[in-house]
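Every number in this text was worked out from the coordinates using simple rules, so none of it is lab data. Bear in mind that the values here come from a model prediction, so they are computed numbers and not experimental data. No Cβ is skipped: glycine too gets one built from the backbone with ideal geometry, and neighbour counts run over all protein chains shown.
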Amino acid sequence: MINVQIETDQKLVKLKEKSIIKLVSVVMKSEDIKTAEILLIFTTDNVLMELKKKYFNQEHYTDVIAFRLNDYNEDKVEGEIYISVPQVRNNAKQYNQAFNKELSRIIIHGSLHLLNYKDKTPQEKIKMTEKEDYFLNKINWENIA
């Protein structure tokens, strides 16, 4: 079973939780993951900045940070995905995208990181973007928030 829990400050964004849970489940199942415990936390720039500083020794804003809490070789995925709602809004403006589409992309991106997809090299970024586009075309991203 894919279990997805969501934490958010309703002042930041009103989410359609069922749509988000379905999106994460589609990503997991496409990679043959049958069991998962995933927590999505929709929060502020400052929270992600602190996480970036603490765990990556970097001090800059980011839109998403994903932590796999168990080994990648385990069948079950346990993880947390932190999403900066203000950064998603900035991304949407910068890339001339609808907020819901950009939010969906970031949720997919974080989910892929939990599955050990990386985006350090140009080739890895291309592969990840292709996966994101695939899932965006597969789901109804308009119903996320």
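Computed values, structure above
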{"item": "Ranked SER25, SER104, criterion: other C-beta atoms within 10 Å, fewest first", "result": "SER25, SER104"}
{"item": "For the chain, built as a Gaussian network whose Cα springs stay under 10 Å, the top-fluctuating residue of SER111, SER19, SER30", "result": "SER30"}
{"item": "Top of GLN87, GLN123, GLN97 by mean-square fluctuation, Gaussian network on the chain, Cα under 10 Å", "result": "GLN123"}
{"item": "Choice from LYS120, LYS76, LYS16 showing the highest fluctuation, given a GNM over the chain with Cα pairs closer than 10 Å", "result": "LYS120"}
{"item": "Cα shape, the range 79-145, gyration tensor, a/c 1.5 rule", "result": "rounded"}
{"item": "Likely footprinting exposure, HIS109, HIS60, fewest C-beta neighbours within 10 Å first", "result": "HIS60, HIS109"}
{"item": "Against the rule of thumb 2.2 N^0.38 Å, how large the Cα Rg of the range 7-54 comes out", "result": "1.40"}
{"item": "Cα centroid of the range 118-135 to Cα centroid of the range 1-66, whole Å", "result": "18 Å"}
{"item": "Alpha-carbon Rg with Dmax, taken over the chain, Å", "result": "14.2, 38"}
{"item": "Relative contact order of the chain, pairs being alpha-carbon contacts under 8 Å that are 6 or more residues apart, as %", "result": "26 percent"}
